Amino acid sequence: MANLSFIIFCPLVAAVLIALLPRTFNVLFRAVALLATGLSLLGAVRVFAGFDSAATGLQFEQHFRWVDALGIGYHVGVDGLNVGLVLMAALVAFAAVCVSREIRERQQFYYILVLAMAGGILGAFASFDLFLFYFFHELALVPTFILIGVWGRGAQRDYATFKLTLYLSLGALVALIGLIALYVQAGQTSFNLLHLTRHLALNPIAPGTQSWIFGLLLFGFGILVSLWPFHTWAPLGYAAAPTAAAMLHAGVLKKFGLYGLIRIALPLLPAGAQSWMNVLALLCLGNILYCGLVALRQRDLNHLLGNSSVAHMGFAFLGIASLSVLGVTGAVVVMVAHGLLAALSFALSGFLYHRLGTLEMDQMGGLLQRLPFVGGVMVMAMFAGCGLPGFANFPGEALVLFGAWESYRTITVLACWGALVIAAVYMLRAVRTIWHGPPLDRWKDLVDAPNLWVKLPYALLLAGLLVFGCFPRLLTDPMQPVVSQIVQRVQGETATP
Amino acid sequence: MNAVLPWLVLLPPLLAAITITLGALKRPVAAARLSIGAIALSLAASLILFARDASGVTSFTWLQVGGLAVEFGLRLDPVSLLMLLVVTGVGGAIHVYSWGYLEGDPGRPRYFAGLSLFSFAMLGIVLSSNLLQMFVFWELVGVSSYLLIGFWHARPAAAEASKKAFLTNRVGDFGFLLGLVLVWATTGTLDLGELETRLTVQPGALGTAATAIGLLIFCGAVGKSAQFPLHVWLPDAMEGPTPVSALIHAATMVAAGVYLLSRVFFLLDAPALTVIAWIGGLTALLAALMALQQDDLKRILAYSTLSQLGYMVLAVGVAGTNGTPVAAMYHLATHASFKALLFLGAGSVIHALHHQQDIWRMGGLARRMPVTFLTFLAATLALCGVPPLSGFYSKDVILVLAWEHHASLLFLLVVFVAGLTTAYMFRLLLVVFAGPARSQDPDHAHESPPVMTVPLLLLAVPTVLAGFWGIDAWLGRAYGVAPSPAGSWAEHLIAPFTHAPVPALAGLAAVILGGGVAWGLYRGALRDPLPVHLGRLSRWMRDRFYFDELYDRLIAGTQDAMAWVADAFDRWILAGAVVRGLHGAVELGGRALRLVQTGSLQTYALLLAAGVVLVLAWMLFR
């Protein structure tokens, strides 16, 4: 089972299988989806456990030729950078299927889309071929639009779907232009990432060209990750999305842009990276401070979580902008931590929406008395969101701040304020409004998560946050060789102008 | 050093907290047993370590990335050993007391889980060998304090207080974390032992950043120890159950700031120490003034805690770069026992009066609750600094420090505050325990059960005797101070008067004067006579000098205003004008172009002709 193709194709094959089943086999759709994502998760755990952090290079590598004429191949593998991301993605996928119990309409189509999304995400993170990387991303992205459009909720569903689709398609398109430019500049021989890296290390692209290609990738990927000021799709989209789609997109698919920046843009375009980092560092303040402040004003829980999620992305951007080993490592830890946290938060808010029929925080109050389990987990998630030690977000954000100090002092100070104070203000205000205070009569018939099976997805995601928070070396140790390699490539560019 | 024992101190409370959360949330008795058993185990392990006078570090690497290596270590030396005894000893007594105090409350398992989580985090701070590790536990005590202040979270006041406490602390922690980043950027290490070695070998290693580092780390202490200007959260924190106030908001957590300062004392330079001394002095004075006009039993004690913490912080500041923070730690240790005792005594009174906390509805309780009264009296005298109780000796050390360092203004301030302390404590004592009953409530009061009075008696022992145990000499060893030859207990009794008579006598005079004023004003009084004498000043003291109102305005004027602007910009400009504007422009363009696509041949022919004419005209008349 410790086989990357198995992890990727489990959900995809299951999606095909469900498509072939008769339309009335409702029970079976869910069972097949659970089985597929469960097996995929087991595989990812096996890969993570079997990963040798002392070794360098790719592990669990699989390589088949595909379109020789263009240099496209099926090439998957893991190194320290993506081994944690694959595990996180598999965990979120399983949890997303678990919480899809609430879906009652068109279940067949729904599970096909969710599984396609899961497979696409896992494939994108495991790919070492540019074409495959982009192909898997699109495979995951298109179902997102349909999921929100068909199973979405709220008055603004249509506008949200429309906006999110336009933004994300635009981002993907700009990134695609950048990737094609990269391929053309590298001699049009291969989409293989390892070949490209080796080739471009020996024959670097001219700095001016690097700069504009990097700009395309930065903004293309940036839009996908809701880089300020291209972020307004995110809170709106997540508020309208069905729970599983919000979990998979905010948690995992969104990280594709960050991953692309670290995996492709930094090492292949070191001079370009140098020229854009000051801009990125400034823009990330837009995420951390501005979106943090916007989150303060939200009355709808999902808008709050959406803005908070956008704000957290700022730390990953700051880590990348610092171009230091600490910062980039911190950025990847933030990606994993935020993946688990966003999935957990949206899963819980989905539970609340399902039970209450609203997410207006003013209409809640005193819910902790009625929902001790869900409330307790959400309070913990909110503490994780304001960087409390013990949860995985803390080592990530701390590493980013330590790493960024050298290059960007003022920005680090402001980011630190955003991390410790602003995040705590909006999170604790939300805890106060939703969970604390006298219990309201209208919610007196609420029922908490009834059994272990319902609690499982929340418990798993929370456990992930706690394990990586208490033992961050599980993530950071495997990452060391590849991150220092990338940082050296970029820093080497300044040493030899 | 035994490598297992320190872990046996740290881990049992954590395991208890986890076990209760996972399995005993509906079983109060099991939860209480687990929690009390865990702290007893920690106490036993601490006692063994103390008896062996253990020292050294046991550690593993928690995080290693690039140049940042963070060890998770447990460091033992005289300072941490003493603090371990304070936390597990006072903590143990309070765990037992809680069982009686919370009898019948349905939330007991949650309470004991929180208490155990707190004990774990606090022991973690004490044992930390590394500054980032200390920050981790620093945040964890913050969150356990949040959970316990908000224990009765259905009460809006408690929910607000817990939020305020956490957020105010976060402001301090912001400085603390930046201080850590700066320490690491300057020296490349966060390990306390290594930092100390480096600074001993090379005193100027911090360069120009020294003062900034000292003050930033002090920010953390300002938050946690509730020093001015972040003192506002502590009085509100009294919304938590009384044993929590005793343990967290009097004896241990709020003292963590002082402990932090004594841990990083070698990092602090002269300008930083001056600031620290004045912040401490200012807090001591303001809090004592506020305490004089409060009517809530627990709040009076809370302001008293603020004031005493101010003393400790001042003691760190006036020690000077060549001195040691022994005086501060000494006062921390004695204060932990007598202030915990005061709170537990107050809890006993509140419990007996069915949660009545207004002192002007009490009176004459001395006869009805003799054990509570006697232990409360001992603790009051110790707090005021009456010889030969523990507080006298630890406070005298601070007075001597201020006197010997010629900080004359601060010396006068400390003496004045000592007088104020006696005044507000005797006011409390006279109104609650003496005089006539001022309402019906005290008529039905009776002494609390043994599960509550035994901890009172246990805590009374160090309250009375800790002055003779040579705590200062024990602590001094950690800072390389040679212990003075031990004399007989009688010599020790009068040592302050022979060694430095002026501060000792000044302190004593302040106590007598303050006590006399309180006696004159409050003996048998039915309502507070002070507002008549002081007028507006009294109202300012009662209203806490309007700091809360000022901060509310400040937050509304800055952060909330900025949030409003950001939200409006996001809603109307970014998502509105720009995105919808682009959307609208594209749509309008589409509609305009659609007009052209009529599908009628005549229109197309007309347009074609018009185009040809235009092109021709342009070519001819160019």
Output the residues belonging to the range B:44-57 that are open to solvent by less than 50 Å² (accessible area, probe 1.4 Å) and within 18 Å of residue B:122 (Cα to Cα). B:44, B:45, B:46, B:49
Only one of these conditions is not met by residue A:391: (1) open to solvent by less than 10 Å² (accessible area, probe 1.4 Å); (2) more than 8 Å from every other protein chain (Cβ to nearest Cβ); (3) within 18 Å of the chain's Cα centre (by Cα). Which number is it? (1)
Evaluate the range B:19-35: report whether one residue or more is within 24 Å of the chain's Cα centre (by Cα) and surrounded by 18 or more Cβ atoms within 10 Å (Cβ to Cβ). yes
Elements of type helices (runs of 4 or more DSSP H) in the range B:453-553, at least 2 residues being modelled with pLDDT of 90 or more and open to solvent by 60 Å² or more (accessible area, probe 1.4 Å): B:501-522
The correct count of residues that are in contact (Cβ under 8 Å) with a residue 12 or more places away in the chain, in a loop (DSSP other than H, G, I, E, B) and within 30 Å of residue B:325 (Cα to Cα) in the range B:397-439 is 2
Mind checking which residues of the range B:190-227 are within 12 Å of chain A (Cβ to nearest Cβ) and open to solvent by 40 Å² or more (accessible area, probe 1.4 Å)? B:212, B:216, B:219
Just one of A:31, A:89 is in a helix (DSSP H, G or I) and either crowded, with 21+ Cβ neighbours inside 10 Å or touching a Pro at 6+ places or on another chain (Cβ under 7 Å) (or both); which is it? A:89
Go through (1) surrounded by 20 or more Cβ atoms within 10 Å (Cβ to Cβ); (2) farther than 30 Å from residue B:539 by Cα; (3) modelled with pLDDT of 90 or more one by one and return the number of the condition residue B:319 breaks. (3)
Name the pairs whose Cβ atoms lie under 7 Å apart, with the first residue in the range B:188-205 and touching a residue at least 40 places away in the same chain (Cβ under 8 Å), the second surrounded by 12 or more Cβ atoms within 10 Å (Cβ to Cβ) and in a loop (DSSP other than H, G, I, E, B), and 6 or more positions between them or separate chains? B:188/B:67; B:191/B:129; B:192/B:129; B:193/B:129; B:195/B:189; B:199/B:205
Using the structure shown, decide if residue A:355 is over 16 Å from the mean Cα position of the chain (by Cα), within 17 Å of residue A:418 (Cα to Cα) and open to solvent by 10 Å² or more (accessible area, probe 1.4 Å). no
Every residue in the range A:292-339 that is within 12 Å of chain B (Cβ to nearest Cβ), under 17 Å from residue A:425 (Cα atoms) and not β-branched (Val, Ile, Thr), please. A:292, A:293, A:295, A:296, A:297, A:298, A:299, A:303, A:304, A:306, A:307, A:311
How about the range A:407-451: which of its residues are within 8 Å of chain B (Cβ to nearest Cβ) and more than 25 Å from residue A:469 (Cβ to Cβ)? A:437, A:438, A:439
Looking only at residues in the range A:394-422 that are in contact (Cβ under 8 Å) with a residue 12 or more places away in the chain, outside any helix (DSSP H, G or I) and touching a helix residue (DSSP H, G or I) at 6+ places or on another chain (Cβ under 6 Å), which one is least open to solvent (accessible area, probe 1.4 Å)? A:408
Apart from one, (1) within 14 Å of another protein chain (Cβ to nearest Cβ); (2) modelled with pLDDT under 90; (3) open to solvent by less than 10 Å² (accessible area, probe 1.4 Å) all hold for residue A:229; the odd one out is (3)
Among the helices (runs of 4 or more DSSP H) lying completely within the range B:80-189, list those that include at least 3 residues that are at the interface with chain A (Cβ under 9 Å from one of its Cβ atoms). B:131-149, B:156-187
Return only the number of the condition from (1) open to solvent by less than 20 Å² (accessible area, probe 1.4 Å); (2) on the phi > 0 side of the Ramachandran plot that residue A:106 does not satisfy. (1)
Step by step: first the residues of the range A:371-388, then only those that are facing chain B (nearest Cβ under 10 Å) and within 23 Å of the chain's Cα centre (by Cα), then the one that is nearest to residue A:460 (Cα to Cα). Which residue is that? A:380
Report whether or not residue A:368 is in contact with a strand residue (DSSP E or B) (Cβ under 7 Å, 6 or more places away or on another chain), facing another protein chain (nearest Cβ under 10 Å) and not aromatic (Phe, Trp, Tyr). no
Look at the range B:125-141 and say how many of its residues are crowded, with 24+ Cβ neighbours inside 10 Å and under 20 Å from residue B:20 (Cβ atoms). 1
With the condition kept exactly as written, say whether any residue in the range A:202-213 is touching a residue at least 24 places away in the same chain (Cβ under 8 Å), in contact with a Leu (Cβ under 6 Å, 6 or more places away or on another chain) and either within 14 Å of chain B (Cβ to nearest Cβ) or surrounded by 24 or more Cβ atoms within 10 Å (Cβ to Cβ) (or both). yes
Tell me the helices (runs of 4 or more DSSP H) entirely within the range A:423-497 that contain at least 2 residues that are surrounded by fewer than 18 Cβ atoms within 10 Å (Cβ to Cβ) and at pLDDT below 95. A:452-470, A:473-495
In this structure, is residue B:86 open to solvent by 10 Å² or more (accessible area, probe 1.4 Å) and closer than 18 Å to residue B:8 by Cα? yes
Can you tell me which residue in the range B:329-356 is least open to solvent (accessible area, probe 1.4 Å), limited to those that are touching a residue at least 40 places away in the same chain (Cβ under 8 Å) and not in a helix (DSSP H, G or I)? B:353
Any hit, the range B:431-446, residues being open to solvent by less than 50 Å² (accessible area, probe 1.4 Å) and farther than 30 Å from residue B:287 by Cα: yes
Taking the range A:34-52, which residues are open to solvent by 70 Å² or more (accessible area, probe 1.4 Å) and closer than 20 Å to residue A:16 by Cβ? A:35
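The values are calculated or read from the model by the stated rules, or taken from the named source; none is laboratory data. Since this is a predicted model, take the numbers as computed values, not measurements. Note that we place each Cβ from the backbone using ideal geometry, even for glycine, and neighbour counts take in every protein chain shown. Note: areas computed on protein heavy atoms with side chains; ligands, DNA, RNA excluded. Shrake-Rupley method; radii C 1.70, N 1.55, O 1.52, S 1.80 Å.
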